[in-house]
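The structure under discussion appears below in the form of structure tokens.
Computed from the coordinates by the stated procedures, all read-outs in this text should not be read as laboratory data. Note that this is a predicted model, so its numbers are computed, not measured. We place every Cβ from the backbone using ideal geometry, glycine too, and count neighbours over all the protein chains shown.
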Amino acid sequence: MGDAGFMAMPRTEVVEDRFEGIDLWPTADALAALAEGQIRGAMSVRGAIPALAAAAERAAECLAKGGRLVYFGAGSSGLLALVDALEIPQTFSVPQSQILVLMAGGMAMTETLTGGPEDIAELGVADIEAARLGPDDCVVAASASGSTPYTVAGLEAARKTGAATVAIACNASAPLFAHAHIAVFLDSGPEVLAGSTRMAAGTAQKAAFNMLSTMIAIRLGHVVDGQMVNVRADNAKLRGRAARIIARIARVDEKTGIAALDAADGEVKPAILIAAGAADAARAEQLLAAHKGNLRAALAALGTRETA
């Protein structure tokens with residue numbers, strides 16, 4: 001391979017000399033090298049914070065208007081996106097109808113992951129067209145290399161619909177960035193196992209997804225003082241967590257928190273307002289509606305109007 005070809009190689013594919021013979025190293029030494037790669041991947045999100053902030057604000061605006069957050073990807077990137085997408089409704093009670101996952105090969109990839117579909121650009125375009133996107137939707141496309149045909153072609157099609165587009169990739173010159181309103185570059189560097197982008201690049205993408213979805217929830221008013229106030233309490237663990245959240249924010253004991261949770265039919269935001277002094281669930285919902293679901297604003301209104 002000539003120098004020009006080497007220079008054009010994505011950093012995620014570069015073979016580093018320092019890992020020569022890693023298959024012969026002591027197990028602990030090899031694991032230390034793998035850990036170093038994971039740490040480098042996680043740290044790469046720091047440089048992407050301005051772009052992630054812009055992406056979170058744009059996505060939150062879309063969701064607030066009733067639009068959808070659409071995760072789009074292939075292979076390991078698609079699977080990482082799926083994990084984040086599945087957790088958002090559970091953790092923050094964002095309606096399932098507002099979260100969509102489009103992945104090369106569809107949900108069959110969750111059982112047997114194959115690489116073929118990601119090479120078919122037409123599949124990406126078809127999946128985007130079938131989603132019937134509009135200007136209130138936000139598409140977050142992820143690809144470690146940033147050159148996956150399915151993802152690149154799909155994001156190009158998504159931008160033409162007027163939807164907001166965000167691209168997450170681990171190569172600075174990724175073609176995917178050309179079709180994004182907001183480009184999130186994660187400089188995770190070469191892999192310990194060259195080309196195994198489920199490693200450092202995967203860790204970088206997972207961290208970026210975690211940060212992005214959590215910041216979206218914060219901007220939507222679903223987090224107060226570092227606590228999840230829109231959590232869906234549908235099992236014993238979450239019910240206990242919800243009671244503690246209610247008690248801490250409303251400044252009551254957990255017994256009162258549980259009673260408020262029952263009065264609010266398991267909904268944490270109105271339960272906090274009930275525990276803080278709202279007459280009943282109907283009044284709590286009225287306050288939330290008046291403040292577009294923003295609990296902090298509703299609590300402020302409750303304090304000035306009903307407990308002064």
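Please give the charge dipole size of the chain, origin at the Cα centre, charges +1 on K and R Cβ atoms and -1 on D and E Cβ atoms. Round to the nearest 20 debye. The partial results should precede the final answer.
On the way: 26 positive and 33 negative charges, 289 e Å.
Roughly 1380 debye, rounded to the nearest 20.
Alpha carbons only, please: Rg and Dmax for the stretch 43-219, in angstrom.
Cα radius of gyration and Dmax of the stretch 43-219 are 14.5, 43 Å respectively.
What number, rounded to the nearest 500 deg cm²/dmol, is the helix-based mean residue ellipticity at 222 nm of the chain, given -39500 (n - 2.57) per DSSP H run of at least four residues and division by all its residues? Walk me through the numbers on the way to the answer.
Working: 12 runs with 155 residues, N = 308.
Mean residue ellipticity at 222 nm (helix-derived): -16000 deg cm²/dmol.
How would Leu69, Leu155 line up from fewest to most surrounding beta-carbon atoms within 10 angstrom?
Going from sparsest to densest Cβ surroundings: Leu69, Leu155.
Give the angle, between 0 and 90 degrees and rounded to the nearest 10, that separates the Cα long axis of helix 27-43 from the longest principal axis of the Cα atoms of the chain.
Between the helix axis and the principal axis of the chain, the angle is about 60 degrees.
I'd like the orientation of helix 236-250 relative to the chain: the angle between its Cα long axis and the longest Cα principal axis, in ° from 0 to 90, rounded to 10.
Around 60 degrees separate the two axes.
Explain nothing, just the number: dipole magnitude of the stretch 43-219 about its Cα centre with +1 on each Lys and Arg Cβ and -1 on each Asp and Glu Cβ, in debye rounded to the nearest 20.
Dipole of the stretch 43-219, to the nearest 20 debye: 400 debye.
Just subtract the alpha-carbon distance of Arg283 and Leu193 from 0.36 nm times their residue separation and send over the number in nm, one decimal.
Length gained between Arg283 and Leu193: 26.6 nm.
Does anyone have the angle between helix 200-219 and the longest principal axis of the chain? Alpha-carbon axes, 0 to 90°, nearest 10?
Helix 200-219 sits roughly 20 degrees off the main axis of the chain.
Could you compute the longest span of the chain free of GluC sites (Glu not before Pro) located in DSSP loops and having at most 10 other Cβ atoms within 10 Å, not counting the site residues?
112-308
Give me Lys160, Lys269 sorted ascending by neighbouring Cβ count inside 10 Å, so fewest comes first.
Values: Lys160 14, Lys269 26.
By the 10 Å Cβ count, ascending, the order reads Lys160, Lys269.
At each listed q (0.14, 0.18, 0.27 Å⁻¹), what is the log10 of I(q)/I(0) that the Debye formula gives for the stretch 6-60 modelled as equal alpha-carbon point scatterers?
Log10 of I(q)/I(0), two decimals: -0.61, -0.80, -1.07.
Considering every pair of different Cα atoms, what Kirkwood radius, in Å, is found for the chain?
Taking every pair of different Cα atoms in the chain, averaging 1/r and inverting gives 21.1 Å.
Using only Cα atoms, figure out Rg for the stretch 142-258 and give it as a multiple of 2.2 N^0.38 Å.
Compactness ratio reported: 1.46.
Mind checking which of Ser143, Met9, Ala54 is farthest towards the positive end of the chain's charge dipole, using Cβ charges of +1 (Lys, Arg) and -1 (Asp, Glu) about the Cα centre?
Ala54
Got the relative contact order for the chain handy, in percent, Cα pairs under 8 Å and 6 or more residues apart?
For the chain, the relative contact order is 19 percent.
May I ask you to derive the relative contact order of the stretch 43-219, considering only C-alpha pairs under 8 Å and at least 6 residues apart, and to give it as an integer percent? Walk me through the numbers before you get to the answer.
Values: 352 pairs, mean separation 49.3, N = 177.
Rounded, it is 28 percent for the stretch 43-219.
So for the stretch 223-306, Kirkwood radius off the Cα pairs, Stokes-Einstein at 20 °C and 1.002 mPa s: how many µm² s⁻¹?
Stokes-Einstein gives a translational diffusion coefficient of 177 µm²/s.
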